[in-house]
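Written out below as structure tokens is the structure these notes cover.
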Amino acid sequence: MSVLLPLRRRAPRLLLAFGLTGALAVPLAPPAAAADRTPLPSTVSGDRVADPVVSGPISHTSAVGDPSHGYPFLATDVDLAAAGYVEEEFLLSGTATRYATQGTDTARVIGTDLPYTTRIVVRRPVAEPRFNGVVIAEWNNVSNQWDQEVDWFQTHEHLIRKGYAWVGVSAQRAGLHSATGLRAWSPTRYGGLDVTVGGTINDDSLSYDIFSQAVKAVRSPAGVAPLGRLSPPRYVIATGHSQSAGRLANYYNGVQPLASVLDAVVLHGGGGVLRTDLATPVFRINSEGDVASGILSAAARAQADSPVLRSWEVAGASHGDWKLITDYGPLRKRDIGSYPGGYPGEPQTCALPSLSRVPQHMVQNAVYDHTVDWVAYGQQPPAAPKIRMTASNPPTVARDELGLALGGIRLAQHEAPLRINSGSNTGPGFCFLDGSSLPLTDAQLAALHPTVRSYVDRVVATTRANVRAGYLVEDVTRDPAWYSDLRELIAEYVAAGRIDARDAAGFEVLLRPAERAGTAGHERPATVLLEQLVKQAGRRITDDPAARDAVLRVAGALSALLRG
């Protein structure tokens, strides 16, 4: 059995400073440490779940991106080897039970011994010392009629940094059998997959037991071990986004009481009303967009926190956001042939510029860590305020004079805004899910943030308050979004002709190594490089004070956070 590595490794800094114009001291109280406690044993067994036959890992028969598609669909472009990780794909086959689910009732068995073959994708540490003993099992989303691992795209940097293993499960018909599903995408690689019993069962009623069997294959392999030579996991936490959250809510209510194979469930962006008599923890994380659109129903939202349920809502965030689309877009272009809506450079079809820039994924990172502490140490996650509403039918979010949502978890990008980020938008397709992000004008920015220092102080105070509250992980500055946000801001001003492209190239010479250092946890060199960038911006951007201050704000805030 693997020893659960402590998820909180860094002692928190006590002071935060803005190094250019003065110091701002913000005390940071550390959360309860996990390092000196013995993890509780898992209370699940999965004894009633059948052992599937696992084969693989399946070899690549072509380079990634080759038109012959001899590689896993949406094979990651993350440099896993540099992180001591590996990606492998396995076939899973066996006979599954068919379940009928109804509300919060335990599922009914409506068929047994039904053959299936599907696949799982595993991204895991190569060596035991890197593994924290926890598997995140993602129910792949099929809303686009192909498999999409939303939660991996949102949180892979954190999962890798903390030593999680991730397993993506292809459980539903659309992901395999649609015109754009796996079987059509690569008949050679995936032609033998079938979760419909030869086209006779098309209601996904086999998906629940297929998911259970995939988890059991990872948890207690009877043959080929999907985690290779790693020790069996101590805990398995299921996760799913949007439609997958709905499937997992059904699974929690109906199948988990029978299968007893999951230690906890994370419902991201949806999920229905949950039963209250189970011991399995459930963590809901929803964006403003999920609340505003009704994806999270009023009845589900009304369920109070309890010893086994925690619900968080992130103000300004959208169901599909900037982080998801920019991470997923290049792989979709490679394997499907088109970018998703809202991808940079693609035609904008929504009424407002789409995709909120509020980094909800930073909160999601904390959700996984809290969920581990919940099952490993009995430490319940902190509660969080709900987003404020002015009406429930239709759901209407309360907003301030700028249009920013009130209440909820409020990240610095919302509390000290540079853009009006919202979970709402209108237009064709998925516009209603993608939210919006409208840059503030120079006049609005000057009124909200009279000085660079006032902006920096607000970002620092808000971020550290969220860390203290437990809504952000302690090493939050290792998230690459801080650096990509600065890079994209500079690019926007270059495109508008307000920053010279040669100056921007000089900033990038400093930003690139600062990002490498900062995301690796080397705060001091990252801070030095960012302070050099601030000085260069102050010297070089002389004709447009508003553009200069825009760069100084974001670079200065990140520098101050890194100083800790």
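Out of (1) under 27 Å from the mean Cα position of the chain (by Cα); (2) closer than 25 Å to V224 by Cα; (3) at pLDDT below 95, the odd one out for A81 is which?
(3) is the only condition that A81 fails.
For the stretch 323-378, enumerate the residues that are at positive phi and either outside any loop (DSSP other than H, G, I, E, B) or open to solvent by less than 40 Å² (accessible area, probe 1.4 Å) (or both).
Here is the first cut: in the stretch 323-378, the residues at positive phi are 337, 342, 345, 355, 378.
The answer is G342, L355.
May I ask you to verify whether Y493 is farther than 16 Å from R553 by Cα, open to solvent by 20 Å² or more (accessible area, probe 1.4 Å) and among the aromatic types (F, W, Y)?
no
Name the single residue, out of those in the stretch 141-164 being charged (D, E, K, R) and more than 19 Å from T371 (Cα to Cα), that is nearest to the chain's Cα centre (by Cα).
My answer is E149.
For the stretch 248-267, check the following and say yes or no: at least one residue is under 26 Å from G316 (Cα atoms) and in a helix (DSSP H, G or I).
Yes - at least one qualifying residue is present in the stretch 248-267.
Run down V467, V554, V473 and say which single residue is within 25 Å of the chain's Cα centre (by Cα) and in a loop (DSSP other than H, G, I, E, B).
Exactly one residue qualifies, and that residue is V473.
For T441, which of the numbered conditions (1) of a type in the set (V, I, T); (2) open to solvent by 40 Å² or more (accessible area, probe 1.4 Å); (3) within 22 Å of S422 (Cβ to Cβ); (4) in contact with a Ser or Thr (Cβ under 9 Å, 6 or more places away or on another chain) fails to hold?
Only one criterion in (1) of a type in the set (V, I, T); (2) open to solvent by 40 Å² or more (accessible area, probe 1.4 Å); (3) within 22 Å of S422 (Cβ to Cβ); (4) in contact with a Ser or Thr (Cβ under 9 Å, 6 or more places away or on another chain) is unmet by T441, namely (4).
Residues of the stretch 286-316 being in contact with a Lys or Arg (Cβ under 9 Å, 6 or more places away or on another chain) and part of a loop (DSSP other than H, G, I, E, B), which ones?
If the condition is that a residue be in contact with a Lys or Arg (Cβ under 9 Å, 6 or more places away or on another chain) and part of a loop (DSSP other than H, G, I, E, B), then L296, Q303, A315, G316 are the ones that fit.
Name the residue that is surrounded by the most Cβ atoms within 10 Å (Cβ to Cβ), counting only residues in the stretch 44-87 that are of a type in the set (S, T, Y) and not in a strand (DSSP E or B).
Residue satisfying both the conditions and the ranking: Y71.
Looking only at residues in the stretch 391-401 that are open to solvent by 50 Å² or more (accessible area, probe 1.4 Å) and in a loop (DSSP other than H, G, I, E, B), which one is modelled with the highest pLDDT?
Among those residues, the one meeting the criterion is E401.
May I ask you to list the residues in the stretch 446-461 that are open to solvent by less than 20 Å² (accessible area, probe 1.4 Å) and touching a strand residue (DSSP E or B) at 6+ places or on another chain (Cβ under 9 Å)?
Across the stretch 446-461, the qualifying residues are V456, V460.
Please verify whether the stretch 429-443 includes one or more residues that are outside any loop (DSSP other than H, G, I, E, B), hydroxyl-bearing (S, T, Y) and more than 28 Å from H522 (Cβ to Cβ). Walk me through how you get there before you give the answer.
So the first thing to find is which residues in the stretch 429-443 are outside any loop (DSSP other than H, G, I, E, B), and the list is 431-434, 436-439, 442-443.
From the residues that got through so far, the ones that are hydroxyl-bearing (S, T, Y) too are 436-437.
After this cut, where a residue has to be more than 28 Å from H522 (Cβ to Cβ) as well, the list is 436-437.
Yes, the stretch 429-443 has at least one match.
The values are calculated or read from the model by the stated rules, or taken from the named source; none is laboratory data. Since we're looking at a predicted model, the values are computed, not measured. Neighbour counts run over all protein chains shown; Cβ positions are idealised from the backbone, glycine included. These area figures cover heavy atoms from the full protein model, side chains too; ligands, DNA and RNA do not enter into them. Shrake-Rupley method; radii C 1.70, N 1.55, O 1.52, S 1.80 Å.
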